[in-house]
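Taking it in order: structure first as structure tokens, then the write-up.
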Amino acid sequence: MRKEIVFITTNAHKVEEIRDLADVESKDIAIEHLDYDYPELQLDETEEVASASADYIRENKGMTKPFFLEDSGMFIPALNGFPGPFSAFVFRSIGNDGILKLMANKKGAERRATFKTVVALCESSEKEPILFVGTVEGKIADVGRGEGGFGFDPIFEYEGATFAEMSTEEKNKVSHRGRAFRKLLNYIS
Ligand code: ITT
């Protein structure tokens, strides 16, 4: 029987990626999308944000099906981890051009960047969230390239191509989200 699981996010791109991955990896899971903007606490660790968000849903939303959400961020060591927990705000405010400007004088290894996703799964509202973490190491491109993906994808380069230059399937194979979500799929199947 097909398992139904609800993905709570306001970001339709995340849903598209995760549905694509579920189709490629397993036919037995149906991802329902709940577009709900839960209050996101400004905490330093992605794990804490995902876990606190899941607890908020458990307490306030009366979910009757298993659900998950995820928190993601991009971390640049040469900028002391910025934008990290502020990724959504930074993308909305200074965007990719702003990040490229901050990185203008950075060369070689200084351009390293990591994407991280923490998925929080609650099998029921009574159960504590289970976390699945995925990361990917890449670098900040010199200029934005590519039309696909979303957010920081045009400036995040992995083995020569930016995430925005990859198809959803190619990105899922190596991305933070793909890695975290594959762990969730293994857990539930
Ligand atoms: P929800 O919290 O509703 O899921 P959101 O878009 O606010 O949606 P996050 O806080 O997890 O999601 O993401 C922070 C930002 O990081 C997001 O706005 C994107 O700009 C960026 N981001 C996350 N995942 C990304 C990815 O795979 N590629 C490029 N940018 C990404």
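The values are calculated or read from the model by the stated rules, or taken from the named source; none is laboratory data. Please read all numbers here as calculations on a predicted model, not as lab measurements. Backbone-built Cβ (ideal geometry, glycine too); neighbour counts: all protein chains shown. Keep in mind that these areas ignore ligands, DNA and RNA; they rest on the heavy atoms of the full protein, side chains included. Shrake-Rupley method; radii C 1.70, N 1.55, O 1.52, S 1.80 Å.
Looking at segment 42-62 only, could you name the residues that are open to solvent by less than 70 Å² (accessible area, probe 1.4 Å) and more than 11 Å from Val119 (Cα to Cα)? Give the derivation first.
Taking segment 42-62 as the starting set, the residues that turn out to be open to solvent by less than 70 Å² (accessible area, probe 1.4 Å) are 43, 46-47, 49-55, 57-58, 62.
Hits for segment 42-62 are Leu43, Ala52, Asp55, Ile57, Arg58, Gly62.
For the condition open to solvent by 30 Å² or more (accessible area, probe 1.4 Å), farther than 23 Å from Phe67 by Cα, of a type outside the set (Ser, Thr, Tyr) and under 16 Å from the mean Cα position of the chain (by Cα), what is the one hit in Gly149, Gly160?
Working: Gly160 fails: under 16 Å from the mean Cα position of the chain (by Cα).
Selected residue: Gly149, the only one of Gly149, Gly160 that is open to solvent by 30 Å² or more (accessible area, probe 1.4 Å), farther than 23 Å from Phe67 by Cα, of a type outside the set (Ser, Thr, Tyr) and under 16 Å from the mean Cα position of the chain (by Cα).
Hey, can you tell me all the residues within segment 29-41 that are more than 11 Å from the ligand (Cβ to nearest atom) and surrounded by fewer than 12 Cβ atoms within 10 Å (Cβ to Cβ)?
Of everything in segment 29-41, nothing turns out to be more than 11 Å from the ligand (Cβ to nearest atom) and surrounded by fewer than 12 Cβ atoms within 10 Å (Cβ to Cβ).
Taking segment 1-21 on its own, how many of its residues are open to solvent by 10 Å² or more (accessible area, probe 1.4 Å), near the ligand (Cβ under 9 Å from one of its atoms) and assigned to a strand (DSSP E or B)?
So the count comes out to 0.
Mind listing just one residue for me: the one in segment 30-84 that is in contact with an Asp or Glu (Cβ under 8 Å, 6 or more places away or on another chain) and not in a helix (DSSP H, G or I) and, of those, nearest to Ala104 (Cα to Cα)?
Asp71
I need every pair where a residue in segment 166-189 that is of a type in the set (Phe, Trp, Tyr) has its Cβ under 6 Å from the Cβ of a residue that is assigned to a helix (DSSP H, G or I) and within 11 Å of the ligand (Cβ to nearest atom), sequence separation at least 6 or different chains.
Here the result reads Phe181/Ile18, each pair linking segment 166-189 to a residue that is assigned to a helix (DSSP H, G or I) and within 11 Å of the ligand (Cβ to nearest atom).
Go through segment 63-95 and count every residue that is open to solvent by less than 60 Å² (accessible area, probe 1.4 Å), touching a residue at least 40 places away in the same chain (Cβ under 8 Å) and more than 15 Å from the chain's Cα centre (by Cα).
Adding up the residues that qualify gives 4.
Name the one entry in Phe115, Phe156 that is modelled with pLDDT of 95 or more, over 23 Å from Ala52 (Cα atoms) and within 11 Å of the ligand (Cβ to nearest atom).
Criteria check complete, one pass: Phe156.
Do we find that Ala120 is modelled with pLDDT of 95 or more, within 12 Å of the ligand (Cβ to nearest atom), closer than 16 Å to Ser72 by Cα and touching a helix residue (DSSP H, G or I) at 6+ places or on another chain (Cβ under 7 Å) in this structure?
On the way: modelled with pLDDT of 95 or more: yes; within 12 Å of the ligand (Cβ to nearest atom): yes; closer than 16 Å to Ser72 by Cα: yes; touching a helix residue (DSSP H, G or I) at 6+ places or on another chain (Cβ under 7 Å): yes.
Yes, satisfied.
Working only within segment 123-146, note down all residues that are within 15 Å of the ligand (Cβ to nearest atom) and open to solvent by less than 30 Å² (accessible area, probe 1.4 Å). Step through it out loud before you land on a result.
Pass one, segment 123-146, residues within 15 Å of the ligand (Cβ to nearest atom): 129, 131-141, 144-146.
Result: Pro129, Phe132, Gly134, Val136, Gly138, Ile140, Ala141.
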